[in-house]
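Worksheet for the structure shown next.
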Amino acid sequence: MAQWEKLRQLESVYLTQVDELYDGDAFPMDVRHYLAHWIESQDWDRAARDHDVAMVLFQVLLENLDIQHSRFVQGGESFLLQHNIRRFKHSFQRYQEEPYNLANIIQWFLAKEKEILQNAELAEQVQLLQVQQNPMETDCQRNIERKMADVKNKVQCMEHTVKCLEEQQDEFDFKYQTHNMEGTTNEAEKTEQMKVLQALLNRLDASRKSMLSGMGVLLDGAEELLCVLVREELVQWQRRQQKACIGSPDSTCLDQLEKWFTTEAECLFQVRKFLKKLEELMGKVTYEHDPVKKQKPALQKRVDSLLTSLLKSAFVVETQPSMPQGKGPLVLRTNVQFSVKTRFLVKFPELNHAMKVNVSMDREAPLVKGYRRFNVLGTNSKALNMAESMSGGMVADFRHLVKIWIGSQLHNLSLSVTEELHIINFNTEFLLHDMSVSLETSSLPVVIISNSSQQQSAWASILWFNMLCLEPKNLLFFANCPVATWPQLGEMLSWQFLSSTTRGLESNQLDMIAHKLFGKQQSYDACKISWTKFSKENVPNTNFTFWVWFDGILFMVKSHLENLWKDGYKLFMDKTLLKKKQRGTFLLRFSESIRDGGITFSWVDYSPTGEPDVRSVQPFTKVDLCQIPFHEIIRNFQILEEENVPENPLLFLYPDTPKVEAFGKYYTEKSGADSQYIKYIKTKLVFVSKENTLEAKSPMYSDTVEGEGSGPMNPRYGLGGEAFEPSTLPPSGLIGDPLPPELPLSPDPMFSVAMLIPDEDLNPTLQEFFNDPRMYDCVDFLSDDTTFLEGALPGLPFTAPLQPCE
């Protein structure tokens, strides 16, 4: 298939490139279209080098245009087509003396067509490999690529124009020198020669003006493209990087930006080269009212300004500071190594190892009393190079320590250590093609801690800052901290799960959290939460903040429940959903009253009168889950009813999935007495309770307890014996404090208690509980001595002997 026919069948994005290619008057698209077969069958490369061949092709081209005009006339085609063909033939007459210039032009256009075809074929191969791009990104990229192609095309045309201009000037200079050397005395001949020289000079002047005008248009396009790259694409990448630091899945790859920045820089350096060539030509031939002398300084200043802006924006921090085993990026610890990587987006091979990057810290620290300052220890200078980048980019990868020193400051401001923000600065010098530009960039603000116990609070500061702040150098952000809307906070909380477990929070789970924070609302979009409520103020009746609670749950999921979470099991659930489900339906939910995260399950039973009876288990902590997987707890969980018959009340995972179907794939091969967890299972105290009548006074910040709901409270404690009421436990020698709700009876993991408890404080002490004789009735898995309990709880005397089961 002919090349022109292939071009006409391309997709619209490539047809646009063809339109832009033939946008000028150098070689009309009409001529290319109507003479396509003849044009593609000629050897234009040879014609560009051989004057005789070029002259033959030039004459044949004019004849073909006459033939095409005759066809239009005979075919009754529009007058406009006939007029255009005559105009094109007349325009080509200017190549009468130098037909090889026309051959050069046609050859160049054919080569550019081939490039477009090759790009289209490459894109088609990529599609065959099923590499799909985001539609919105593709539209944006197409717009930039179109602008980029336009600038490149203008540069290439300008390059050809410069060559033609140089040839014209050489011709004028040669004839002018010849005229001076001959020194003819014939006035008529001298006058005729002067007319020829004047015509050549007029033509040269017109070409110079045309070139300068075209250069202005070229810079208009380059400036428009620069604005898109610097003010839109780079800013959007910086915001994506900021969000990616706190868990967002946004892409932060710089390869595409690097390609665009490099191409733009190449085009602008080409314009500088053209201006230098003009200055050289002006040095050889100049005259009164020379347009180059008048317009070049302004053009030079403009291109240098555009290039400087591009180069300054091209120096970025590709990878933000982070510790190898930190909670996340931007939290650093004194005397612990951190890494950070800078990148220069203008990738010129001649700059490899030529630009030295220097690093410093707290160069613009705020003048606040007690505000700590830091030094960077390690190598303070490193060269940008291509060896340290997977993609071959120009990068400098640093490894450093930070060391504290406190300076005397002026203003008093109450900021905690984890609310102090610090910036790492980088600078380098660009020097190429007689152009020197000082470049600077800086990291996002970091929080620097001196103890690992501060890491949780520091990470909260990083989350809040990068969620809300669009001014990366605002180091006093926490002095006047803005509030967050629920959509902002909910998205950020979901990112924490997404980045840790590859699964974020679903809308119903986010609604559960919002309900705990703000109460029942028709919509949570207008709800707001302050920094203090998020990270500094304890939840009422607890000794921890909302963030500590949430982070504890996140840690538990990542450490012990990741498989369940990744497989889509819902763990943020409201137990009131069970009231309309069949007996034995259970759901999983996180505890709201355990600092470091706890998970529990609730199930529904029915009384003889048909009333739903929702029961809850004392939350399991990370101490429990280190000993036995949660799915094994669900598998082996049992309670004893009135007739002392062990029963697993967990039958269907909400809404109606059989337990084995839901959890069977996680079970170990052995079960019962052969289970590797049997010792732990047998040493587990179980407290069983029904719901109570306590109502939540407010959402998260309330006196909410684990057993909130409705219905009479009737706690049942089971350990293989009969149930008994807490009020009947006999007082005894008190050892220790009363047993608090939802806390293990012992720190010993072999006896930490997973309790189904009443939703109020337990009255008996731990000593009283174990001293009650009824506790040991019919305990069929214990021997007739106290070895087990003494081993599990060393130092606690027991007054009640264990009785074998009858």
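The values are calculated or read from the model by the stated rules, or taken from the named source; none is laboratory data. These numbers come from a predicted model, not from an experiment. So basically every Cβ, Gly included, is an ideal-geometry build from the backbone, and we count neighbours across all protein chains shown. These accessible areas exclude ligands, DNA and RNA; they are computed on the full protein's heavy atoms, side chains included. Shrake-Rupley method; radii C 1.70, N 1.55, O 1.52, S 1.80 Å.
I need the full set of residues from segment 361-384 which are surrounded by fewer than 18 Cβ atoms within 10 Å (Cβ to Cβ) and modelled with pLDDT of 90 or more, in order please.
The answer is 383, and nothing else.
For residue 243, indicate whether it is within 42 Å of the chain's Cα centre (by Cα) and either closer than 28 Å to residue 158 by Cα or in contact (Cβ under 8 Å) with a residue 24 or more places away in the chain (or both).
Yes: the conditions hold for residue 243.
Taking residue 539 as meeting all but one of (1) under 25 Å from residue 414 (Cβ atoms); (2) modelled with pLDDT of 90 or more, write down the number of the exception.
(2)
Please state which of the following conditions residue 88 fails to meet, knowing it meets all the rest: (1) among the hydrophobic types (A, V, I, L, M, F, W, C); (2) farther than 24 Å from residue 154 by Cα; (3) touching a Pro at 6+ places or on another chain (Cβ under 9 Å).
All conditions are met except number (2).
Quick check on my filter: what residues within segment 468-481 are of a type in the set (A, V, I, L, M) and surrounded by 19 or more Cβ atoms within 10 Å (Cβ to Cβ)?
475
Mind listing whichever residues of segment 572-599 are under 16 Å from residue 663 (Cβ atoms) and among the polar types (S, T, N, Q)?
Across segment 572-599, the qualifying residue is only 585.
Cβ contacts < 7 Å: first residue over 19 Å from residue 164 (Cα atoms), restricted to segment 83-111; second residue assigned to a helix (DSSP H, G or I) and open to solvent by 30 Å² or more (accessible area, probe 1.4 Å), any location; separation 6+ or different chain. Result?
Listed by first residue and then by second, the contacts come to 84/30; 85/69; 86/69; 88/30.
Could you please find all residues in segment 315-332 being of a type in the set (D, E, K, R) and modelled with pLDDT under 90?
327, the sole residue that qualifies.
Would it be correct to say that residue 59 is polar (S, T, N, Q), crowded, with 16+ Cβ neighbours inside 10 Å and either at positive phi or not assigned by the TED database to the domain that holds residue 156 (or both)?
no
Taking the condition part of a helix (DSSP H, G or I), under 25 Å from residue 321 (Cβ atoms) and open to solvent by 10 Å² or more (accessible area, probe 1.4 Å), does residue 459 pass?
Yes: the conditions hold for residue 459.
Could you check, for segment 437-445, whether at least one of its residues is polar (S, T, N, Q), in a strand (DSSP E or B), within 30 Å of residue 271 (Cβ to Cβ) and in contact (Cβ under 8 Å) with a residue 12 or more places away in the chain?
Checked segment 437-445: at least one residue is polar (S, T, N, Q), in a strand (DSSP E or B), within 30 Å of residue 271 (Cβ to Cβ) and in contact (Cβ under 8 Å) with a residue 12 or more places away in the chain.
Conditions first: (1) touching a Lys or Arg at 6+ places or on another chain (Cβ under 6 Å); (2) closer than 30 Å to residue 222 by Cα; (3) without any contact (Cβ under 8 Å) to a residue 40 or more places away in the chain. Residue 375 passes all but one, so which condition is the exception?
Of (1) touching a Lys or Arg at 6+ places or on another chain (Cβ under 6 Å); (2) closer than 30 Å to residue 222 by Cα; (3) without any contact (Cβ under 8 Å) to a residue 40 or more places away in the chain, only one is false for residue 375: (2).
When you go through (1) aliphatic (A, V, I, L, M); (2) over 18 Å from residue 169 (Cα atoms); (3) surrounded by fewer than 18 Cβ atoms within 10 Å (Cβ to Cβ) one by one for residue 265, which number turns out not to apply?
For residue 265, the failing item is (3).
So residue 258 clears everything in (1) out of contact with any Lys or Arg (no Cβ under 9 Å at 6 or more places or on another chain); (2) surrounded by 21 or more Cβ atoms within 10 Å (Cβ to Cβ); (3) not β-branched (Val, Ile, Thr) except one condition, right? Which one?
The failed condition is (1).
Quick check on residue 475: is it under 20 Å from the mean Cα position of the chain (by Cα) and either of a type outside the set (D, E, K, R) or in a helix (DSSP H, G or I) (or both)?
no
Consider segment 400-447. How many of its residues are surrounded by fewer than 16 Cβ atoms within 10 Å (Cβ to Cβ), within 13 Å of residue 360 (Cα to Cα) and modelled with pLDDT under 95?
Result for segment 400-447: 1.
Taking the residues in segment 191-209 that are open to solvent by 60 Å² or more (accessible area, probe 1.4 Å) and within 59 Å of the chain's Cα centre (by Cα) as candidates, determine which candidate is farthest from residue 165 (Cα to Cα).
Restricting to residues being open to solvent by 60 Å² or more (accessible area, probe 1.4 Å) and within 59 Å of the chain's Cα centre (by Cα), the top hit is 202.
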